[in-house]
Amino acid sequence: MFVIGTAGHVDHGKSALIQALTGTNPDRLREEQERGMTIDLGFAWMTLPGGREVSIVDVPGHVRFVRHMLAGISAVDLALLVIAADEGVMPQTREHLEILDLLEVRNAIVVLTKCDLVDGDWAALVEEEVRAALDGTHLEGALCVRVSSVTGAGLDDLRDAIDRALDATTEPRDISRPRLGIDRVFTMAGFGTVVTGTLLDGRLRIGDTVEVAPGGPAARIRGLQTHRHEVQEALPGTRVAANLAGIAVEQVARGQVLAPPGRIAPVRAFDAVLRALPERPIRHNLRVAVHVGSAEVQGRVRVLGGADQLDAAGRDTIPGGATGWAQIVLASPVAAAPGDLFVLRVPDQTVGGGRIVEVNPPRHRRHSVATIERLRARSAGTPESRILAALERTEPAAPSALAAASEVSAQAFAAAIRALADRGALHTLPVAAGEPVLLTHAGRARIHGEVTRALAAFHAAHPLRWAMPREVLRGALRLPAREFAAVLAGLAPEIEARGDGFAESGWAPALAPAQQAEVERIERALRAGGTQPPRLNIDPEMLTYLEGAGRAVDCGDGTVLARDAYASVRERVIALLRDGRQITLAEARDALDTNRRAAQAILECLDRDGVTRRHGDARVLHESLRGR
Ligand SMILES: Nc1nc2c(ncn2[C@@H]2O[C@H](COP(=O)(O)OP(=O)(O)OP(=O)(O)O)[C@@H](O)[C@H]2O)c(=O)[nH]1
Ligand SMILES: [Mg+2]
């Protein structure tokens, strides 16, 4: 399915054309009907001769409502530039054309309306005028169709022309990152809050939890409609009405975006390639209205430098008709993504627009050749370079998240990942369950460095420890559990897992001579104690060392056994519990020739060790050892 949008000067017949094509009057507001003028967006749909169903967004032509036009036209597959044959090209014909051009709408048909009011020669003259206006824009050479919405002349030709234009249109992109730019919000009796918009980049399903970004609350999708038909799943590129549970109508507004929670970061500034319209230079610090998607926010332009002047002699103004690099700083956050197109207006005038290259960038020094080079590289990106750039920002990342962040189609993504892995630019690290974790070559080296530094700092602070506890290291690296596990496994053999921690391979605590003597003294005392361990009051770090070295076992509650003593206790208990026998605490105390307190600690230690299991007041052999 595709979405078509109208454009053109006030009263040139946009709404009448839609009514004639679809049978629906897009002017649904009472005020619109009374004044005979479109104020806000209107919506209709039709089935084309080839059987294809298309949505149509009708926009107002009056100069006061250009902001509504912008909200409606931001995501169309085909534009109908409507020009009344009796009036020809008028101011908002030109302004809407500029906007379509800034939004890079290449797919357009010029519709010459009201042809019943003029003769053929006149219509031909107007067509000439239109052709000249289109020259040098993305719409140059667009087909022109003459119609009359009053007599119906030319409407069949127009339907065919739309069908053919859409034949050549690529399918809407599906990168599993659904976002719906909200252009209408209303309540429906018995349903509650409903929002409408054009769904981009992914699918939405009934039951999905979504967020109204930026800053809005979460909600659940209770119902979905396309063209008033209930659907279970809405597809990218379609007009969608979503009924939301858990959100009041006052909590949503046009310009916000419906997306899975956490997917769209609020954008407070973005770097962009920015084109100034002819005769409308954009000077540094210009205050503008920024239109992106269905949103409009106030902002300020920081001119970073001219695209054609990379010799650090950047200018303070992007001259009319020229393209440069800019950072747009927004007064309030907006939901947008790299690659999105935007339009800048000052009161009464469109001044320029362009494409977002990077969102929430740092504040750059102006006229920096390095900054401009980086923006140039990013904006010209191949799938591989975009994937690497996105991975560098978010690594380690799962493929699905990376595909979304890099804005690359599923097919191109898989091929690019293979190519990158083949030339060693990225690592795919397996995870026990679920998606693997991706890491760039540089990212692995960086994390390896961080791990080495964290281990060195830990060892310096705890010289008797054999390993840095897993969770302490994870905290130092600030990685989620899944990613941490995959990345650390990927650092083997340089970094090795030891018990519930990690250490540099081959690393061992180096004891000072006095510590060495202390270790031997403790070990001798433990050995002599056997199953009746002396109460030694051992320093906890020393105890950790002895355990890590495999020389002692800390059963807890002050009961520490020499390694050999514990091993023989273990074997004795296993022998005692053979053939389903049980043992009470008192029996264990006697059998192990120890006191009650130590017997208790030893049994609990054996429980933890997977040797025994509690069974009422007694102990039995753990299942895994039965039949031994
Ligand atoms: N004779 C004739 N009149 C037309 C034709 N199309 C529209 N009109 C008339 O032109 C007037 C304006 O038409 P609309 O469809 O409201 O124009 P619009 O472009 O939607 O105007 P805005 O939405 O306000 O920008 C209405 O009175 C229509 O009846 C046509 O093909 N022939
Ligand atoms: Mg209208």
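Placing +1 on the Cβ of each Lys and Arg and -1 on the Cβ of each Asp and Glu in the chain, which of LEU488, GLN600, LEU388 has its Cα farthest towards the positive end of the resulting dipole?
Positive-most Cα among the choices belongs to GLN600.
Sorted by packing (mean other beta-carbon atoms within 10 Å per residue), highest first, where do 238-245, 397-404, 517-524 land?
238-245, 397-404, 517-524
What is the Cα coordinate range of the chain on the first, second and third principal axes, sorted by size from largest, in whole angstrom?
117, 61, 42
Quote to one decimal, in nm, the extra length available between THR187 and ARG614 on full extension: 0.36 nm per residue of separation minus the C-alpha distance between them.
Computed gain between THR187 and ARG614 is 147.7 nm.
I need the GluC sites (Glu not before Pro) found in segment 230-286, filtered to DSSP loop residues with at most 12 other beta carbons within 10 Å of theirs.
Filter output for segment 230-286: GLU279.
Please report the spacing between the Cα centers of segment 3-52 and segment 396-429 in Å, no decimals.
About 43 Å separates the Cα centre of segment 3-52 from the one of segment 396-429.
Which shape class, rounded, prolate or oblate, goes with segment 201-271 when its Cα gyration tensor gives a ≥ b ≥ c as root eigenvalues, a/c under 1.5 marks rounded, and past that a/b bigger than b/c marks prolate?
In terms of gyration-tensor shape, prolate.
At GLN516 and ALA331, where each label point lies 7 Å from the Cα along Cα→Cβ, what is the point-to-point distance in nanometres?
Here the modelled spin labels are 7.4 nm apart.
Multiply the residue separation of LEU48 and ALA124 by 0.36 nm, subtract the distance between their alpha-carbon atoms, and state the gained length in nm to one decimal.
Once the chain is fully extended between LEU48 and ALA124, it gains 24.6 nm.
Can you give me the P(r) profile for segment 471-610? Cα pairs, bins 5 angstrom wide beginning at 0, each as a whole percent.
2, 8, 16, 17, 13, 13, 12, 9, 7, 2
Enter the Cα centre distance for the pair segment 228-304 and segment 498-557, rounded to the nearest angstrom.
Going from one Cα centre to the other spans 62 Å.
Tell me the mean residue ellipticity at 222 nm calculated for the chain from its helices only (DSSP H runs of n ≥ 4, each -39500 (n - 2.57), averaged over every residue, nearest 500).
-10000 deg cm²/dmol
What's the magnitude of the charge dipole for segment 231-338 around its Cα centre, counting Lys and Arg as +1 and Asp and Glu as -1 at the beta-carbon? Answer in Debye, nearest 20.
Rounded to the nearest 20 debye, it is 180 debye.
Given segment 554-617, report the % of alpha carbon pairs whose separation exceeds 16 Å.
Distances greater than 16 Å cover 38 percent of the Cα pairs.
Run the simple label-point estimate for ASP157 and ALA457 please: 7 Å along Cα→C-beta, distance reported in nm.
Each label point lies 7 Å from its Cα, and together they span 7.5 nm.
If all Cα-Cα distances of segment 34-83 are sorted into 10 Å bins from 0 onward, what percent lands in each bin, rounded to whole numbers?
23, 50, 23, 5
Taking the Cβ-Cβ separation of ARG30 and ASP348 as r and a Förster radius of 25 Å, what is the calculated FRET efficiency to the nearest 0.05?
E between ARG30 and ASP348, to the nearest 0.05, is 0.35.
For segment 102-191, what is the relative contact order in percent, using Cα pairs closer than 8 Å and at least 6 residues apart in sequence?
Relative contact order of segment 102-191: 31 percent.
Treat each spin label as a single point 7 Å out from the Cα along the C-beta direction, and report the ALA433 to ILE206 distance in nm.
Those two pseudo-labels are separated by 3.0 nm.
Tell me the GluC sites (Glu not before Pro) within segment 88-145 that lie in a loop according to DSSP and have at most 14 other beta-carbon atoms within 10 Å.
Those satisfying the criteria are GLU104, GLU140.
Explain nothing, just the number: dipole magnitude of segment 524-612 about its Cα centre with +1 on each Lys and Arg Cβ and -1 on each Asp and Glu Cβ, in debye rounded to the nearest 20.
240
No lab work stands behind these numbers, since they all come straight from the coordinates. As the structure is a prediction and not an experimental result, all values here were calculated from the model. Cβ atoms come from the backbone with ideal geometry, glycine included; neighbour counts cover every protein chain shown.
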